[in-house]
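The values are calculated or read from the model by the stated rules, or taken from the named source; none is laboratory data. As the structure is a computational prediction, the values presented were derived from the model and not from experiment. All Cβ positions, even for glycine, are placed from backbone atoms using ideal geometry, and neighbour counts span all protein chains on display.
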Amino acid sequence: MSKKKKINKDKDKDKTVKSINNNIRSSVRKLNPILKGIVGKKVDIAIRDLQFSEKRITKDIRKTINSAVANAENNFQYDIDKLVVKEAYCGKKIIMKRFRPRAKGRAAPILKPWSTVTIILSEVKQMESHGTKS
């Protein structure tokens, strides 16, 4: 009853870089729409979009993307201009539980969730240009 693991040999051909931020003080529900908005975009456009967002948590996501770009440049010597956000996902971590005193001796729970964000960048061979006539 042992599970056999499939070894994917095509993984070496695909140029990907990963960066993980394990301590983000926000819920997964608030992170998911932001991460879905940057998937498939070039790195500089994704960072620009996050920079002009009004959400507090975009600062931590930008740091994670910049870390992945630095990994690609220093560890793998990839071209920064050809990097694209291939995947961006988040997962739940711990939930700090606090209590707020209420009327008549009762207490109301306060949940403070933490999340982890993973950004995977990929180097694209040829960039497609959309909407230009030249």
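Checked against (1) in a strand (DSSP E or B); (2) at pLDDT below 95; (3) farther than 25 Å from PRO33 by Cα, ARG100 meets all criteria but (2).
From the list SER26, SER115, the lone residue that is in a loop (DSSP other than H, G, I, E, B), in contact (Cβ under 8 Å) with a residue 40 or more places away in the chain, touching a strand residue (DSSP E or B) at 6+ places or on another chain (Cβ under 9 Å) and not β-branched (Val, Ile, Thr) is SER26. Of all residues in region 29-54, exactly one satisfies the criterion of being of a type in the set (Val, Ile, Thr) and either without any contact (Cβ under 8 Å) to a residue 12 or more places away in the chain or surrounded by fewer than 13 Cβ atoms within 10 Å (Cβ to Cβ) (or both), namely ILE45.
So, LYS125, is that one assigned to a loop (DSSP other than H, G, I, E, B), within 15 Å of ILE38 (Cβ to Cβ), charged (D, E, K, R) and at pLDDT below 95 or not? The answer is no for LYS125.
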